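Have a look at the structure below, then the notes.
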Amino acid sequence: MRRIWREALSAVTPYDAGKPIEALEKELGLQAILRLSANENPLGPSPGVIEALRREASRSHLYPDGGSTALREAIGRRLGVPPDWIIAGNGGDEILGLIARAAFEPGDEILMPHPAFEPYDIEARLSGATPVRSPLKGYDTDLDDILARVTPRTKTVFLCTPHNPASTIVRRGPLDRFLAALGDDPPLVVLDEAYRDFCDDPETADGVQLATRYPRLISLRSFSKIAGLAGLRVGYAVAQPEVIGWLGRVRAPFNVNRFAQVAGVAAIEDAAHLDRTRALILTERPRLLAEVARRGAPAPPSQSNFILPRVGGQADALRAALLKVGILVRDGAAVGFPGHLRISIGTRETNDRLLEAWDGAAGKF
Ligand SMILES: Cc1ncc(COP(=O)(O)O)c(C=O)c1O
């Protein structure tokens, strides 16, 4: 028998992003579901983005700029780095795939916290490399444990700050010591900062700054969360030009579509919308954390646009009860935290609706 499919694929469980919202609405017979399970932007995209998409529609027949030049220039201006320090991708997800395709080989060890954002593990397995898990210490990334697991075969260390799903950050001081301890021939360190824009802890690390000092550090960022472009798929990596050059070798010629590129630029140009989104999360987060704690479900100190309350044995029943009234939250067990729910922070009104539904449901188990 001719073997067609790569052996490595049999070790992979496809990423489960949940049912499309439209299908779920139909299934449950609901007009509109309030999705608080995917950490999307509750304010939606900037009006400037919508206008840019309208303007771009008539150019749909033209290939986009393969190098995403205007987008990389706009990102570079905002971050204070030259465009050749940036590669754009079809979401941060694609960037993870590019890193794997460019660097991971069978026999490599890919070190990551556990639990963590599932694609780290999937990309490692797809490449035939071996994922090596470092258990979280409670809700925190355990840098000492990760360091102890580094071997000569470690090709990449994934760190996620704020961590999805734990919502906590890796602090600057410990991260600096960790990076220094890796020595002068370190593995790649991917600092996944998809949620960084929601941090207000002054000790938050800054991957872009770190990339200027560490030639093998990659900061991964996304327009999905702060800019509300999850549906368009825009993400990017910042690293030294040599690293960006290697990643560029494995990307498809037109990996970021025309709409994603103009939307990304328009999102950056509307700084007020980015600020509004951040301000909303920073206002609502402490309130929501306090409210869930008051309901007997304490959550770790989130620095992200979601919280992870520990609900205990009632997690499934509460999730089902919320869904019944049209509120979808993420099953903690599905992301490595049984007894928890992962809940995206919404607007003041939707958060109130969540809490009201929570109270209504709580009496019924
Ligand atoms: C930790 C983390 N990294 C990366 C991503 C990828 O983001 P995107 O592909 O939407 O840019 C996500 C998306 O949810 C995430 O949670």
TODO: Specify the residue that is surrounded by the fewest Cβ atoms within 10 Å (Cβ to Cβ); the eligible residues are those in the range 132-154 that are away from the ligand (no atom under 16 Å from the Cβ) and β-branched (Val, Ile, Thr).
DONE: 151
Task: Qualifying positions in the range 1-57 - within 22 Å of the chain's Cα centre (by Cα) and of a type in the set (S, T, N, Q) - done: 13, 37, 39, 41, 46
Task: Of all residues making up the range 104-131, the number that are more than 12 Å from the ligand (Cβ to nearest atom) and either crowded, with 21+ Cβ neighbours inside 10 Å or free of Cβ contacts under 8 Å to residues at least 60 places away in the same chain (or both) - done: 13
- [ ] Assess whether residue 201 counts as being assigned by TED's automatic domain parsing to the domain that holds residue 90 and surrounded by fewer than 16 Cβ atoms within 10 Å (Cβ to Cβ).
- [x] yes
- [ ] Would you be able to tell me the number of residues in the range 94-103 that are within 11 Å of the ligand (Cβ to nearest atom) and in contact with a helix residue (DSSP H, G or I) (Cβ under 7 Å, 6 or more places away or on another chain)?
- [x] 2
Task: Near pairs, Cβ below 7 angstrom, 6+ apart or cross-chain, from the range 299-316 (at pLDDT 95 or above) to any residue that is of a type in the set (Lys, Arg) and assigned to a strand (DSSP E or B) - done: 299/310; 306/342; 308/342
- [ ] From 310, 258, grab the single residue that is assigned by TED's automatic domain parsing to the domain that holds residue 160 and of a type in the set (D, E, K, R).
- [x] 258
- [ ] From 60, 68, grab the single residue that is over 27 Å from residue 218 (Cα atoms) and of a type outside the set (A, V, I, L, M, F, W, C).
- [x] 60
- [ ] Kindly establish whether residue 299 is among the small types (Gly, Ala, Ser) and either closer than 27 Å to residue 22 by Cα or assigned to a helix (DSSP H, G or I) (or both).
- [x] no
Task: Identity of the residue in the range 64-79, small (Gly, Ala, Ser) and touching a residue at least 60 places away in the same chain (Cβ under 8 Å), that ends up nearest to the ligand (Cβ to nearest atom) - done: 68
Open item on the list: I want to confirm something. Restricting to the range 83-93 and keeping residues that are under 17 Å from residue 188 (Cβ atoms) and near the ligand (Cβ under 10 Å from one of its atoms), which single residue is surrounded by the most Cβ atoms within 10 Å (Cβ to Cβ)?
Closed with: 89
Task: Residues within the range 155-204 that are without any contact (Cβ under 8 Å) to a residue 60 or more places away in the chain, within 16 Å of the ligand (Cβ to nearest atom) and among the hydrophobic types (A, V, I, L, M, F, W, C), tallied - done: 7
Task: Filter result (within 15 Å of the ligand (Cβ to nearest atom) and over 14 Å from residue 41 (Cα atoms)) within the range 205-233 - done: 205, 207, 218, 219, 220, 221
- [ ] Restricting attention to strands (runs of 3 or more DSSP E) lying wholly within the range 48-158, give those where 2 or more residues are under 30 Å from residue 310 (Cα atoms) and not assigned by TED's automatic domain parsing to the domain that holds residue 17.
- [x] 109-114, 130-135
Task: Filter result for residue 300 (more than 28 Å from residue 50 (Cβ to Cβ), within 16 Å of the ligand (Cβ to nearest atom) and not assigned by TED's automatic domain parsing to the domain that holds residue 163) - done: yes
TODO: Within the range 317-336, track down each residue that is over 17 Å from the mean Cα position of the chain (by Cα) and not in a strand (DSSP E or B).
DONE: 317, 318, 319, 320, 321, 322, 323, 324, 325, 326, 333
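The values are calculated or read from the model by the stated rules, or taken from the named source; none is laboratory data. All values reported here derive from a predicted model rather than from experimental measurement. Methodologically, a virtual Cβ is constructed for each residue, glycine included, from the backbone with ideal geometry; neighbour enumeration extends over all protein chains shown.
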